[in-house]
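The values are calculated or read from the model by the stated rules, or taken from the named source; none is laboratory data. The structure presented is a predicted model; accordingly, all values stated were derived computationally and were not measured. Quick reminder, even Gly has a Cβ in these numbers, built from the backbone with ideal geometry, and neighbours come from all protein chains shown. Note: areas computed on protein heavy atoms with side chains; ligands, DNA, RNA excluded. Shrake-Rupley method; radii C 1.70, N 1.55, O 1.52, S 1.80 Å.
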Amino acid sequence: MEFAPGVTEHLGYYVYTLLDPKDPRCVLYVGKGIGNRVHAHVAWAGKADDLKSRAIREIKETTGMDPIHIIAAHGLTEETAFLLESVLIETHRSPYLLNKVRGHGHEKHCLDVEEINAMYGARTVLAEDVAHPTIFVSLNGGKVPGSSYPNIKGDAQQLMERTLGIWKVSDWRAHRIMQVAAVYGGIVRAVYAVRGWDEAEHPKGKRKRFRPSGGLQPQSPLLGARVVDKEGTCITDFMYGREKSYAGF
């Protein structure tokens, strides 16, 4: 059902959910918008071939219905809408949720006590005091479902593989880096001493990438710390699209 004429001008920014009509407890998608944004997904479903569009088409074919549209809150500022969208994505995260990207600032939402303690009890380490050439890599997850630190912190093998990974670095850096530090929410969560670097192929044949090998350093002074440069900027803050930084060179 579309909004009646004149309704959208009263809504402002809003946050919405799409529910499965076969089981309204199942949240398929969380979004924010203005105007008729909430209805755009059904309108696009017949033209697009992404996961969400395929799911909407399947619902229509099997039930004859569209997803249930719920306006979770309206009359919001854009900032508040971003916040609520992120909280709802975290709250409803399940195998059925079709959001490809986690919400803005998701690292600060729906946290257990251990994570709150880590966030507000973190030490500060100056980048100039990092003793060994180190690459800090993001485990915030980004667009890779299930790859963020909270999802893998209990699996030592997966944590090591995700941290060491395959990284786009220059030859000059690759052969000098002695440590790889895993970062989540701006805080160092694990550190591995590098034993060697192997060149890895880029899937599109572009710039070289390297795969490090190494061992966990459970006593590293970087563990549980934020690393800041001399201007006070946190170089381990990867919340805005960055995936790595360096110190100790």
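Let me check against my output: what whole-number percent is the relative contact order of the stretch 50-129, with C-alpha pairs under 8 Å and at least 6 apart? Walk me through the numbers on the way to the answer.
Numbers: 33 pairs, mean separation 18.0, N = 80.
So the answer I get is 22 percent.
Note on the stretch 107-197: Cα convex hull, mean projected area over all directions, 6.7 nm². Counting every pair of alpha carbons in the chain, the share spaced more than 34 Å apart comes to 33 percent. Under the criterion of Cα pairs below 8 Å and six or more residues apart, the relative contact order for the chain equals 17 percent. For the chain, carbon and sulfur atoms together expose 53% of the accessible surface, with a 1.4 angstrom probe and every protein chain in place.
Can you tell which of R57, R226, R102 shows the greatest fluctuation in a Gaussian network model of the chain with Cα springs below 10 Å? Highest fluctuation among the options: R57. Counting only GluC sites (Glu not before Pro) that DSSP places in a loop and that have at most 16 other Cβ atoms within 10 Å, the longest clean stretch of the chain runs over 3-200.
The ratio of the alpha-carbon radius of gyration of the stretch 60-103 to the globular-protein estimate 2.2 N^0.38 Å is 1.41. Per residue, the chain exposes 57 Å² of accessible surface when a 1.4 Å probe is rolled over the protein heavy atoms with every protein chain present.
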